[in-house]
């Protein structure tokens, strides 16, 4: 057990909620600072809750007062201006500052696999990833020039029971349950690493308070990489659908019809991504010992949505777009 004093800024997202639970389970003194409680995910008892706007330094300072923390984790920083503010705010208030970057910051597509932490950071296809790279560069500079005690963490595609890993969320499951086809980008055979949030949490919380993690970057990903066809079939099986109709649509065609959907594909999900987690496991040997295979994770997702019918919403615009893409690209009967 640990008596580390940790501040989570955010803490109610798909990944961070599991990390809060894991930290509390390991006996850490956890404070969560955010603007309000999530209506979807529940935080554990025994934490300190603070209300403040993370993008308003005066609001944060009023909330935390003179408190000092062994580790500060900001889950809601996405652009350099936010990181620059945090460097100034927490330089004298923590022994470790953890920035949540993204594995999409790695060279995309990669020239070699598996991806390691030494893989170059370069993603010309997605602004989200370029912003994360710029944030990392600020932190590396602050570590070198000011001895700012940063640790960079790069999640890949991480999900919990509330988060479907396919575009459109529940829309795709509802289509399969209705016997309607769904869109799968490319030819469905690219390999995609999926990580359950509670598995991620074991690796992440294991880095808290580790002096050897200061100044370092780590990705935290699962070791399972199913094809996209397999991902959709596992979801279908969990939803009670025996043989879903998967229609393969070129990524370029999807991007031409929906630039936002396309940006996430071209900049991330359309490329096979496999990761080497050796660096993390050298510091956190318990990571990956009891992984959650996606076929079981898919059951958790469907069970949660079936228990929360108010969350089983269909996006009518996306539903119609899928119909158009399928009509244009569905194989014709001879």
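The values are calculated or read from the model by the stated rules, or taken from the named source; none is laboratory data. Everything numeric here is computed off the predicted structure, so don't read it as measured data. Cβ placement follows ideal geometry from the backbone for every residue including glycine, while neighbour counts extend to all protein chains displayed.
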Item to complete: Quick one: in the stretch 17-40, of everything that is touching a strand residue (DSSP E or B) at 6+ places or on another chain (Cβ under 6 Å) and in contact (Cβ under 8 Å) with a residue 40 or more places away in the chain, which residue is farthest from residue 198 (Cα to Cα)?
Response: 28
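Among the residues of the stretch 55-70, is there at least one that is under 23 Å from the mean Cα position of the chain (by Cα) and surrounded by 14 or more Cβ atoms within 10 Å (Cβ to Cβ)? Don't jump to the end; show me each part of the working.
Going residue by residue through the stretch 55-70, those that are under 23 Å from the mean Cα position of the chain (by Cα) are 55.
Right, trim to surrounded by 14 or more Cβ atoms within 10 Å (Cβ to Cβ) and you get none.
No, that holds for no residue.
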Item to complete: Report yes if some residue within the stretch 77-85 is at pLDDT below 95, crowded, with 19+ Cβ neighbours inside 10 Å and under 24 Å from residue 5 (Cα atoms); otherwise report no.
Response: yes
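Being over 19 Å from the mean Cα position of the chain (by Cα), on the phi < 0 side of the Ramachandran plot and touching a residue at least 12 places away in the same chain (Cβ under 8 Å) is the requirement here; does residue 173 meet it?
Details: over 19 Å from the mean Cα position of the chain (by Cα): yes; on the phi < 0 side of the Ramachandran plot: yes; touching a residue at least 12 places away in the same chain (Cβ under 8 Å): yes.
Answer is yes for this residue.
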Item to complete: Tell me the strands (runs of 3 or more DSSP E) entirely within the stretch 1-105 that contain at least 1 residues that are closer than 20 Å to residue 280 by Cβ.
Response: 5-9, 71-74, 97-100
Practice prompt. Would you check if there is a residue in the stretch 245-253 being under 26 Å from residue 132 (Cα atoms) and under 22 Å from the mean Cα position of the chain (by Cα)?
Written response: yes
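Could you look through the stretch 5-35, keep only residues that are at positive phi and within 23 Å of the chain's Cα centre (by Cα), and pick out the one that is surrounded by the fewest Cβ atoms within 10 Å (Cβ to Cβ)?
So the residue we want is 10.
Given the options 112, 130, name the one that is out of contact with any helix residue (DSSP H, G or I) (no Cβ under 7 Å at 6 or more places or on another chain), assigned to a loop (DSSP other than H, G, I, E, B) and assigned by TED's automatic domain parsing to the domain that holds residue 55. Break it down stepwise before answering.
Details: 130 fails: assigned to a loop (DSSP other than H, G, I, E, B).
Criteria check complete, one pass: 112.
For the stretch 116-150, what are the residues that are within 18 Å of the chain's Cα centre (by Cα), touching a residue at least 60 places away in the same chain (Cβ under 8 Å) and under 20 Å from residue 270 (Cα atoms)? Walk me through it before giving the result.
In the first step, residues of the stretch 116-150 are kept if they are within 18 Å of the chain's Cα centre (by Cα); the result is 116-117, 121, 123, 126-133, 135-136.
Applying the additional criterion that residues be touching a residue at least 60 places away in the same chain (Cβ under 8 Å) yields 116-117, 123, 126-129, 136.
Selection gives 116, 123, 126, 127, 128, 129.
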Practice prompt. Could you please give the count of residues in the stretch 240-250 that are modelled with pLDDT under 95 and touching a strand residue (DSSP E or B) at 6+ places or on another chain (Cβ under 9 Å)?
Written response: 0
Item to complete: Mind listing whichever residues of the stretch 200-227 are assigned to a helix (DSSP H, G or I) and either surrounded by fewer than 18 Cβ atoms within 10 Å (Cβ to Cβ) or free of Cβ contacts under 8 Å to residues at least 60 places away in the same chain (or both)?
Response: 211, 212
Worksheet, complete the sentence: With criteria (1) without any contact (Cβ under 8 Å) to a residue 60 or more places away in the chain; (2) under 19 Å from residue 200 (Cβ atoms), residue 286 comes up short on (1)
Response to the item:
Scanning the stretch 265-291 residue by residue, those surrounded by fewer than 19 Cβ atoms within 10 Å (Cβ to Cβ) and under 16 Å from the mean Cα position of the chain (by Cα) turn out to be 274
Item to complete: Run residue 148 past the list (1) outside any helix (DSSP H, G or I); (2) more than 19 Å from residue 297 (Cβ to Cβ); (3) out of contact with any helix residue (DSSP H, G or I) (no Cβ under 8 Å at 6 or more places or on another chain) and report the number of the one that doesn't hold.
Response: (3)
Item to complete: Could you tell me which residue of the stretch 137-148 is surrounded by the most Cβ atoms within 10 Å (Cβ to Cβ), considering only residues that are closer than 15 Å to residue 214 by Cβ and in contact with a strand residue (DSSP E or B) (Cβ under 9 Å, 6 or more places away or on another chain)?
Response: 139
